[in-house]
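Here's the structure, in C-alpha cells; my notes come after.
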Amino acid sequence: MRIIAGKHRGRALASVGKGDAAAHLRPTSDRVRESLFNVLAGGYGDPVTGARVLDIFAGTGALGLEALSRGATTVSFIEDGRKALGILRENIALCRAEGETRIFKTDARRPCENPGAPHDLVFLDPPYGKGLGEAALAAALAGGWIAEGALIVWEESAGIIPPEGVQLIEERKYGDTVIRFLERPS
C-alpha cells in the first residue's frame, strides 16, 4: 500500500499483507483508491482540497491519509480495533501527519458527540456484509459529525440502506467492491 498522489505521493504505508480477517482489516487496494479519487476530482468538483475529512472504520487510515496528501485540511479517524489502531498510528507517523489528524478510539456505531466542526467529506468502509455501515452512518449524523452538504463515500460489497437524511447519488463497481457516493443535502 502506498499514497497515490499529492504531497506524500509514493510514500509506502505499513503493510497488512492480504489483510487480517481476524482484525477485519481489508485495506482498499491502491487501484480502487486511485479510481475513487479520480472520480472525486472529476465528477464532484474536488471535494478533497480544504476538506475536513472523517474516516469511519478507518482501519489502516489509507483513505483519510490519501485525502490529506491531496489537500484535505484535517482528518478524524474512528476506529476501535487494537491491531488496526497500531497500523493507523504507524501510517500517520510515516506521513508525519500527527498535527492534522485525530484518532477516536470508539465503536463506530456509538461514537461520542463530535467535539469539533462537522466534516464535509466522509469515508465509510465497514466490514463487508455485516450491516454495520447503516448504524455507523446514522450515529455519525446524530452525533454532529457530518456537515450539511457533505459528500459520503461508502465502500461495501452488499446492498445498503442509507439512513434518513442521506441520499444516494451514484455507485461504481470495482470487482467485489462497490463504492457508493451519497450526499447529506443542505
Likely footprinting exposure, Ile4, Ile160, Ile146, fewest C-beta neighbours within 10 Å first:
Ile160, Ile4, Ile146
Percent of Cα-Cα pairs more than 26 Å apart in the chain, please.
20 percent
Net charge contributed by nearby residues that have their C-beta within less than 14 Å of Glu183 (K/R +1, D/E -1)
-3
Which of Val122, Val39, Val48 moves the most in a Gaussian network model of the chain with Cα springs under 10 Å?
Val39
In the chain, once you exclude exposed trypsin sites (Lys or Arg not before Pro) (DSSP loop, at most 14 other Cβ within 10 angstrom), what's the longest stretch remaining?
19-95
Residue-averaged [θ]222 nm for the chain, counting only DSSP H segments that reach four residues, each worth -39500 (n - 2.57):
-7500 deg cm²/dmol
In a GNM of the chain with a 10 Å cut-off on Cα contacts, which of Glu164, Glu34, Glu90 has the highest mean-square fluctuation?
Glu164
No solvent, one uniform scatterer per C-alpha: report log10 I(q)/I(0) for segment 40-144 via the Debye equation at q = 0.14, 0.15, 0.16, 0.22 1/Å, two decimals.
-0.50, -0.58, -0.66, -1.22
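Coordinate-derived values only; no laboratory data. A quick note: this is a predicted structure, and the numbers were derived from the prediction, not measured. Neighbour counts run over all protein chains shown; Cβ positions are idealised from the backbone, glycine included.
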